[in-house]
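Colleague: Mind having a look at this structure? Questions to follow.
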Amino acid sequence: MCAIVGCVNWGLRRKLTRDRLMRAAESMQHRGRDGTRVMFQPASGQRGAFGLGHCRLAVNGGPSAVQPIGNRCGDISIVVNGELYDPGDVLRRRLESQGHRFATSSDSELALHLYVQHGLEFVQYLRGEFAIVIHDARENRLLAVRDRFGIKPLLYTQRAGETWFASQACAFRAAGIELECDTESVWHVMSFQYTLPDRTLQRNVFQIPPGCLAIARDETVQIHRYWDLDYPPLDDRNPSACIGDADELAAALADRFDEAVRIRLRGDVPVVSHLSGGIDSCSVLDSAVRQGGVAAAFSIGFPGDADHDESKSAVDIAARLGVHFYGVDGSPRHLIDAIEASVTASEGWCVNGHLPAKYLLSRAISQAGYKVALTGEGADELLAGYAHLKIDHCRSVAPAAIDGILAQNRTSYGSMIPAAGGTIPTQAIRAVLGYVPTFLAAKASQGWMIRSHLQASFLAPFSGRDAMAEFVAAVFDPDQIDNRHVVHQSLYVWMKTALAQNILRTLGDGCESAHATEGRLPMLDHLLFQWVKQQPIGRLIRSQQSGESDLRRGKTTERFADKWLLRAAMRDRLPSRVVNRPKHPFDAPPLANSLFRCQRLMDFLQSRIDDHPYFDAAKVRRTLSMMKDANQESKTATDPLWWMLLSSHSSLA
């Protein structure tokens, strides 16, 4: 995990200096502790002053792989955060045959020469997890590129005649730019958990959306999309991608998946793996072990909560594969201790204790002396693994199966499956899709619950506005969702919001970078994704026969297995209990389960209620008093309230 920063100053309203640039870079040294360097060029003639900065996490390329990197002519310079993969050095050799000379063995330098050779089309050749800033003196412009899924963050701001790009907003503050809370984004987050795709919680800080390239020139920033999910229209599937029986397709997936893991094992440092009891992380670990490239496995457990704790299964898998195992204690008191640090590091808020849990997991990896970890994130997006996608699928093909799916996923009530009670309006969603994706119905019920606890003075300026209509306008792209399968429609919206903004940015990069660790995500290899998206939905969400007990009772309930293609691929590689285990989201137990057993937790929560700028203390305390005797479903459904209250309070400290 590295940090990058770039700035170009177009006017004289504020002077860009090497000192400001260095302060911006140094504010992100937690991301990369192996050296900080900047490149600064004062204004000259018609060209503005510019600068690039880089904090290095040394995992590839040896001592010479320092950044910023410039070409031989000195008119193009680059900084890169992340990893670029070039199996067999095919691209490097091709560029060398075209006259390019590499000064380092760094994978980051590959992007520099691709840009020199191909211009803006260089992004089409990039494979991996990356954020890149390039200064091109020939064109007098600053470019910024974010990877296809948004694994690496990239923000920008404009102020006083200058444009800044950086990995985190803290860099802008360090450069002397005042950051202001964006109350509109706060309202959006309180309504459906996420900011709009190009916004942040700061009014003057914006995100470059995943799969986009930004060009800064003449005090303007233009955003261009270079890649999108492009799920196939219902009448336009590539037949060659689906040739073969189920076993052949499962073997083809395994081959592609193993390659995605293999290229992410390279480097100058040992690689470890995240591990839970589910098939995603177990498949990643198994593949890495088979290819001889993993040093240890790390897992966080939630002691005393059988519905959430997967540590026993993780221990068993690590032992079976012969991998050294590190367990992390995710008890509520530890999560509370880490909430403020995790919010500060991630620059985001949360609706569950999984944010501090992921922070503790990354800290344990760093404390054990490791820098790089493989993770299973992205498998449910790649292979349609979430329960809410099965519900969307079953609405038209097997409505009777929905009750069974709901019964198996009660821990997701209120976050990914709607809870009982009110909802904010969702007519705008239905008007476009003809239905409301289950996860958005859940966010609407969650938003109603959270907004019902906010201060009237905060809500007043937004009276009459439709949060979900604004969501639809910002997220729904007709070219990407019209005439698509309902599962692909739901996945498109999920990946633009929950995946990019929460799973990858807040939980992923935010927590990993806090401890100078780097996550690598083989499930989100874009070449693997492009193959899988052509498969019929029936290869991912597959109907199964009724269980024996159902048949004995004369029932014919249809059941559906998620991620069927992956389960088939891993059938002979992992224990059947892992292969057949239903999807279990990475969630911490509801905080209300422990509040009334631990006075310290209760005191901590109580201390954050009265002086909160958004929440109404009386309303919050009224709901809190009801939790002691509440049923488990109510505790689960209200959990986002407690974590949103705590995380939004912590970010203001």
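The values are calculated or read from the model by the stated rules, or taken from the named source; none is laboratory data. It should be emphasised that the depicted structure is a prediction, and the values quoted were computed from it without experimental measurement. Every residue, glycine among them, receives a Cβ derived from its backbone with ideal geometry; neighbour counts consider all protein chains shown.
Colleague: I need the full set of residues from the range 580-639 which are in contact (Cβ under 8 Å) with a residue 60 or more places away in the chain and charged (D, E, K, R), in order please.
Modeller: 581, 583, 587, 600, 616, 619, 633, 639
Colleague: Now a separate question. Quick one: what pairs do we get from the range 526-542, first residue assigned to a loop (DSSP other than H, G, I, E, B), second polar (S, T, N, Q), C-beta under 7 Å, 6+ apart or different chains?
Modeller: From the range 526-542, the pairs are 534/238.
Colleague: Exactly one of these conditions fails for residue 500: (1) crowded, with 22+ Cβ neighbours inside 10 Å; (2) over 21 Å from residue 348 (Cα atoms). Give me its number.
Modeller: (2)
Colleague: Also, I was wondering about something else. Listed residues 304, 293; which is at positive phi and either free of Cβ contacts under 8 Å to residues at least 40 places away in the same chain or charged (D, E, K, R) (or both)?
Modeller: So the residue among 304, 293 that is at positive phi and either free of Cβ contacts under 8 Å to residues at least 40 places away in the same chain or charged (D, E, K, R) (or both) is 304.
Colleague: Tell me whether the range 170-187 contains one or more residues that are crowded, with 24+ Cβ neighbours inside 10 Å, within 25 Å of the chain's Cα centre (by Cα), closer than 30 Å to residue 612 by Cα and not acidic (Asp, Glu).
Modeller: Yes - at least one qualifying residue is present in the range 170-187.
Colleague: Does the range 475-493 hold any residues that are under 19 Å from residue 385 (Cα atoms), out of contact with any His (no Cβ under 8 Å at 6 or more places or on another chain), part of a helix (DSSP H, G or I) and not polar (S, T, N, Q), and which are they?
Modeller: 488, 491, 492, 493
Colleague: So, residue 380, is that one more than 25 Å from residue 593 (Cα to Cα), charged (D, E, K, R) and not in a loop (DSSP other than H, G, I, E, B) or not?
Modeller: In short, yes.
Colleague: Can you work out which of the residues in the range 278-302 that are touching a His at 6+ places or on another chain (Cβ under 8 Å) and surrounded by fewer than 21 Cβ atoms within 10 Å (Cβ to Cβ) is farthest from residue 60 (Cα to Cα)?
Modeller: Top of the filtered list is 296.
Colleague: Can you name the condition, by its number, that residue 373 falls short on among (1) within 22 Å of residue 636 (Cα to Cα); (2) surrounded by 22 or more Cβ atoms within 10 Å (Cβ to Cβ); (3) hydrophobic (A, V, I, L, M, F, W, C)?
Modeller: Against the list (1) within 22 Å of residue 636 (Cα to Cα); (2) surrounded by 22 or more Cβ atoms within 10 Å (Cβ to Cβ); (3) hydrophobic (A, V, I, L, M, F, W, C), residue 373 comes up short only on (1).
Colleague: Further question: Counting only residues that are closer than 16 Å to residue 505 by Cα and in contact with a Phe, Trp or Tyr (Cβ under 6 Å, 6 or more places away or on another chain), which one in the range 139-151 is surrounded by the most Cβ atoms within 10 Å (Cβ to Cβ)?
Modeller: By that ranking, first place goes to 147.
Colleague: Restrict the check to the range 220-241 and report whether at least one residue is among the polar types (S, T, N, Q) and under 20 Å from the mean Cα position of the chain (by Cα).
Modeller: Checking the range 220-241: not a single residue is among the polar types (S, T, N, Q) and under 20 Å from the mean Cα position of the chain (by Cα).
Colleague: Take the residues in the range 599-617 that are touching a helix residue (DSSP H, G or I) at 6+ places or on another chain (Cβ under 6 Å) and not in a helix (DSSP H, G or I); name whichever of them is farthest from residue 201 (Cα to Cα).
Modeller: 610
Colleague: Only residues in the range 76-102 that are within 19 Å of residue 527 (Cβ to Cβ) count as the first member; pair them with residues that are of a type in the set (Lys, Arg) and outside any helix (DSSP H, G or I), Cβ under 7 angstrom, at least 6 apart or cross-chain, and list the lot.
Modeller: Once the first residue is within 19 Å of residue 527 (Cβ to Cβ) and sits in the range 76-102, its partners that are of a type in the set (Lys, Arg) and outside any helix (DSSP H, G or I) give 82/152; 83/520; 84/127; 85/127.
Colleague: Would you confirm, using the coordinates I've provided, whether residue 162 is closer than 17 Å to residue 39 by Cα and of a type in the set (Asp, Glu)?
Modeller: Yes, satisfied.
Let's see how each residue does on (1) over 22 Å from residue 59 (Cα atoms); (2) of a type in the set (Ser, Thr, Tyr); (3) in a helix (DSSP H, G or I); (4) without any contact (Cβ under 8 Å) to a residue 24 or more places away in the chain:
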{"residue": "327", "(1), (2), (3), (4)": "yes, no, no, no"}
{"residue": "342", "(1), (2), (3), (4)": "yes, yes, yes, no"}
{"residue": "352", "(1), (2), (3), (4)": "yes, no, no, no"}
{"residue": "359", "(1), (2), (3), (4)": "no, yes, yes, no"}
{"residue": "365", "(1), (2), (3), (4)": "no, no, yes, no"}
{"residue": "376", "(1), (2), (3), (4)": "no, no, no, no"}
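Colleague: Kindly list, by first and then second residue, each pair from a residue in the range 159-175 that is in a strand (DSSP E or B) to a residue that is of a type in the set (Gly, Ala, Ser), limited to pairs with Cβ atoms under 6 Å and residues at least 6 apart or on different chains.
Modeller: Short answer, once both residue conditions are applied: 163/216; 165/6; 165/144.
Colleague: Right, here's the next one. Is it the case that the range 91-106 has a residue that's over 25 Å from residue 40 (Cα atoms), β-branched (Val, Ile, Thr) and assigned by TED's automatic domain parsing to the domain that holds residue 42?
Modeller: Looking through the range 91-106, none of the residues is over 25 Å from residue 40 (Cα atoms), β-branched (Val, Ile, Thr) and assigned by TED's automatic domain parsing to the domain that holds residue 42.
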